[in-house]
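Participant: The structure under discussion is supplied below as structure tokens; questions concerning it will follow.
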Amino acid sequence: MARKMLIDGEVNQTNQVEEEAHFDFDLFVIGAGSGGVRASRFSANYGAKVGICELPFHPISSEVIGGVGGTCVIRGCVPKKILVYGANFGGEIEDARNYGWEVNEKVDFNWKKLLQKKTDEIIRLNGIYKRLLSNAGVKLYEGEGKVVGPNEVEVTQLDGTKLRYSAKHILIATGSRAQRPAIPGQLLFSDYEFNIVFGLLFQCKLLFNDPCVPIVVLLKPSLAFSVQLFSKHYIFKAACSLSIQELAITSDEALSLEDLPKRAVVFGGGYIAVEFASIWRGMGATVDLFFRKELPLRGFDDEMRAVVARNLEGRGINLHPRTNLTELTKTEEGIKIYTDHKEELLADVVLFATGRVPNTKRLNLEAVGVELDDAGAVKVDEYSRTNIPTIWAVGDVTNRMNLTPVALMEGTCFAKTVFAGQPTKPDYNHIPCAVFSIPPLSVVGLSEEQALEQANGDVLVFTSTFNPMKNTISGRQEKTVMKLVVDAETDKVLGAYMFGPDAPEIMQGIAVALKCGATKQQFDSTVGIHPSAAEEFVTMRSVTRRVTAGGKPKTTNP
């Protein structure tokens, strides 16, 4: 049987039987997150022999801990959304009183119960992803993978055994990890804890007598060590992937805290920072959100950023714009935070949500000639292929558009391109996204600032701000805001935005319309569903403002 392959941008007919005799696998994937699993399954469905490796499962990641399902399923989108649901109930219970529900003044919240339910769910999903791979005929290896040649990978299993496999194609899908800013006083090491660590290392030396035995020692959820024992010289080498008694945590640890904080400080202005501030505030904590710019959510539409900021304050979150943290110290009363505005405050938890970095450090990519950018991301072409023709990469590790559905799209396009004879480029236009604040923000298409930069003519802006019907009875003072940006010349809708309850559910449908090139006239001619908030998108007929191309401002970055 012959298979069409993409070679140097062209479809080439190759003899499958002849080539497969030289390789253990048609495809070997390093990383079993959303993109890796999708690419593996679809490639196998197209007839490829596929292997995949992933680090052992744990809710908190490190360089030696991961889990099938990846960040989104285990320590990202899914567990976060579960906590958002949990936090939402606080406001819902308050609102229920004016709807006739007699709710006791004292309503208890059991954090540990929710945490256990969350953990149960990600364990369930981890099992489902494993079954998806198995059902597709994909061979799963648990261990750390790295590239050792253009057509060869090495997998270090949990017992230290190293396995090498040849593959016609190698796909890197290792995602990204939370990064920490260099702020003095983040970490606190005690002599007692160091004694525990090195005592364990000494006991490991007595138990294992092999020349080199890597083991994983889990002292507690926030600590993971990859320990290498060299019995010949009695040398012990411990590589800490998560530090001891951390004064600051990342989103990984925030999803698995043993106790709900009463006082939380969040440092960062992106969607992760805004979401965790909303979660903890919704659960009753005092929350202070620090960020370097004038508004949170840099890169989103400026008008909608201001709407979110006002709502965060309206929900009781203390905002500290244009502020940096300069030092953290441990005190008897809690963690003391110092800022560049000479502010001092105490917290039970400090969350750093200051971005993520591609997971490429331990993959040996540069040694085999794969090009990385300055951030450590894998450089790829339009088909997700690196400068080494047999090595490809999808998902956050490429730092293109870091969203789970995008990784799924890239994985699908890769499988079509390489194993289905259908060269397919990922399409990054009109990709919707959401910030799961309370209530959420959801967008698709261009921001007003981007539209002004790209438009050849004038831009029309339509906005609507209203009190949701539910709030008229509950008494909650919180507005829903909707916005459409339209090309005045073509009438094409360039961007749509919504802040308010159910925004992501509504925006998914709007995204289909924009993907199809919908015009404002087509929006206007669509009959709405009444009564609903969504109908506002088809009834905004008055122009809020018209921005001329001659005076278009540059994208602001406040």
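The values are calculated or read from the model by the stated rules, or taken from the named source; none is laboratory data. Values in this document were obtained by computation on a predicted structure and should not be read as measured data. Ideal geometry is used to build each Cβ from the backbone, glycine not excepted, and the neighbour counts take in all protein chains shown. Keep in mind that these areas ignore ligands, DNA and RNA; they rest on the heavy atoms of the full protein, side chains included. Shrake-Rupley method; radii C 1.70, N 1.55, O 1.52, S 1.80 Å.
Participant: Is there any pair with a first residue in region 129-150 that is on the phi > 0 side of the Ramachandran plot and open to solvent by less than 40 Å² (accessible area, probe 1.4 Å) and a second that is part of a strand (DSSP E or B) and among the small types (Gly, Ala, Ser) whose Cβ atoms are under 7 Å apart and which are 6 or more apart or on different chains, and what are they?
Facilitator: Sorted first by the residue in region 129-150, then by its partner, the list stays empty.
Participant: Which one is farthest from SER251 (Cα to Cα) among residues in region 102-115 that are open to solvent by 100 Å² or more (accessible area, probe 1.4 Å) and at pLDDT 95 or above?
Facilitator: The first filter runs over region 102-115 and keeps only residues open to solvent by 100 Å² or more (accessible area, probe 1.4 Å), leaving 102, 104-106, 108, 112-113.
Then drop every residue that is not at pLDDT 95 or above, which leaves 112-113.
Details: LYS112: 17, LYS113: 19 Å.
Among residues in region 102-115 that are open to solvent by 100 Å² or more (accessible area, probe 1.4 Å) and at pLDDT 95 or above, the one farthest from SER251 (Cα to Cα) is LYS113.
Participant: So is VAL50 open to solvent by less than 10 Å² (accessible area, probe 1.4 Å), closer than 19 Å to GLU144 by Cβ and in contact with a Lys or Arg (Cβ under 8 Å, 6 or more places away or on another chain) or not? Quick ask: steps written out before the conclusion?
Facilitator: Working: open to solvent by less than 10 Å² (accessible area, probe 1.4 Å): yes; closer than 19 Å to GLU144 by Cβ: yes; in contact with a Lys or Arg (Cβ under 8 Å, 6 or more places away or on another chain): yes.
The answer is yes for VAL50.
Participant: Taking the residues in region 333-386 that are touching a Gly at 6+ places or on another chain (Cβ under 7 Å) and of a type in the set (A, V, I, L, M) as candidates, determine which candidate is farthest from GLU253 (Cα to Cα).
Facilitator: VAL368
Participant: Listed residues VAL357, VAL370; which is touching a residue at least 12 places away in the same chain (Cβ under 8 Å) and part of a loop (DSSP other than H, G, I, E, B)?
Facilitator: Numbers: VAL357 fails: part of a loop (DSSP other than H, G, I, E, B).
Of the residues listed, the single one that is touching a residue at least 12 places away in the same chain (Cβ under 8 Å) and part of a loop (DSSP other than H, G, I, E, B) is VAL370.
Participant: Mind checking which residues of region 300-354 are among the aliphatic types (A, V, I, L, M) and either part of a strand (DSSP E or B) or open to solvent by 30 Å² or more (accessible area, probe 1.4 Å) (or both)? Write out each step before concluding.
Facilitator: We begin by selecting, within region 300-354, every residue among the aliphatic types (A, V, I, L, M); these are 304, 306-309, 312, 317, 319, 325, 328, 335, 337, 345-347, 349-351, 353.
Within region 300-354, LEU319, LEU325, LEU328, ILE335, ILE337, LEU345, LEU346, ALA347, VAL349, VAL350, LEU351 meet the criteria.
Participant: Cβ-Cβ distance below 6 Å, separation of 6 or more or different chains: which pairs start in region 457-469 with a residue that is over 16 Å from ALA496 (Cα atoms) and part of a loop (DSSP other than H, G, I, E, B) and end on one that is open to solvent by less than 40 Å² (accessible area, probe 1.4 Å) and at pLDDT 95 or above?
Facilitator: Once the first residue is over 16 Å from ALA496 (Cα atoms) and part of a loop (DSSP other than H, G, I, E, B) and sits in region 457-469, its partners that are open to solvent by less than 40 Å² (accessible area, probe 1.4 Å) and at pLDDT 95 or above give GLY457/ALA488; ASP458/ALA488; PRO468/THR480; PRO468/ALA533.
Participant: Among VAL486, VAL493, which is the only one that is within 20 Å of GLY299 (Cα to Cα) and without any contact (Cβ under 8 Å) to a residue 40 or more places away in the chain?
Facilitator: One residue alone meets the criteria, VAL486.
Condition check ((1) modelled with pLDDT under 95; (2) farther than 17 Å from VAL406 by Cβ; (3) open to solvent by less than 50 Å² (accessible area, probe 1.4 Å)) across all residues:
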site: PHE23; (1), (2), (3): no, yes, no
site: VAL37; (1), (2), (3): no, no, yes
site: ALA44; (1), (2), (3): no, yes, yes
site: PHE57; (1), (2), (3): yes, yes, no
site: GLY67; (1), (2), (3): no, yes, yes
site: CYS72; (1), (2), (3): no, no, yes
site: PRO79; (1), (2), (3): no, yes, yes
site: GLY86; (1), (2), (3): no, yes, yes
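Participant: To continue, here is another question. Answer yes or no: is there a residue in region 76-96 that is on the phi > 0 side of the Ramachandran plot and small (Gly, Ala, Ser).
Facilitator: No, region 76-96 contains no residue that is on the phi > 0 side of the Ramachandran plot and small (Gly, Ala, Ser).
Participant: Just to be sure before I move on: is ASN135 farther than 27 Å from THR472 by Cβ, among the polar types (S, T, N, Q) and at pLDDT 95 or above in the structure I sent?
Facilitator: Against the criterion (farther than 27 Å from THR472 by Cβ, among the polar types (S, T, N, Q) and at pLDDT 95 or above), ASN135 qualifies.
Participant: Just give me the residues in region 497-553 being part of a loop (DSSP other than H, G, I, E, B) and either among the β-branched types (Val, Ile, Thr) or under 17 Å from SER447 (Cβ atoms) (or both), in sequence order.
Facilitator: As a first pass, look at region 497-553 and keep what is part of a loop (DSSP other than H, G, I, E, B): 500-502, 516-518, 525-533, 539-544, 548, 552-553.
Across region 497-553, the qualifying residues are THR526, VAL527, ILE529, THR539, VAL543, THR544, THR548, LYS552, PRO553.
Participant: Here are some conditions: (1) within 22 Å of ALA309 (Cβ to Cβ); (2) in contact with a Phe, Trp or Tyr (Cβ under 9 Å, 6 or more places away or on another chain). PHE523 meets all but one. Which one does it not meet?
Facilitator: Evaluating PHE523 over (1) within 22 Å of ALA309 (Cβ to Cβ); (2) in contact with a Phe, Trp or Tyr (Cβ under 9 Å, 6 or more places away or on another chain) leaves (1) as the failure.
Participant: Hey, among VAL444, VAL435, which residue is crowded, with 21+ Cβ neighbours inside 10 Å and in contact with a His (Cβ under 8 Å, 6 or more places away or on another chain)?
Facilitator: Numbers: VAL435 fails: in contact with a His (Cβ under 8 Å, 6 or more places away or on another chain).
Residue meeting the stated conditions: VAL444.
Participant: Follow-up. May I ask you to list pairs of residues, at least six apart or on different chains, whose Cβ atoms are under 6 Å apart, with the first in region 411-433 being within 30 Å of PHE499 (Cβ to Cβ) and the second being crowded, with 20+ Cβ neighbours inside 10 Å and small (Gly, Ala, Ser)?
Facilitator: Pairs found: HIS430/GLY445.
Participant: I'm trying to understand the selection: among the residues of region 501-523, which are surrounded by fewer than 14 Cβ atoms within 10 Å (Cβ to Cβ) and either over 29 Å from the mean Cα position of the chain (by Cα) or modelled with pLDDT under 95 (or both)? Steps first, answer last, please.
Facilitator: Narrowing region 501-523 to residues surrounded by fewer than 14 Cβ atoms within 10 Å (Cβ to Cβ): 505, 508-509, 512, 516-517, 521.
Selection gives GLN521 alone.
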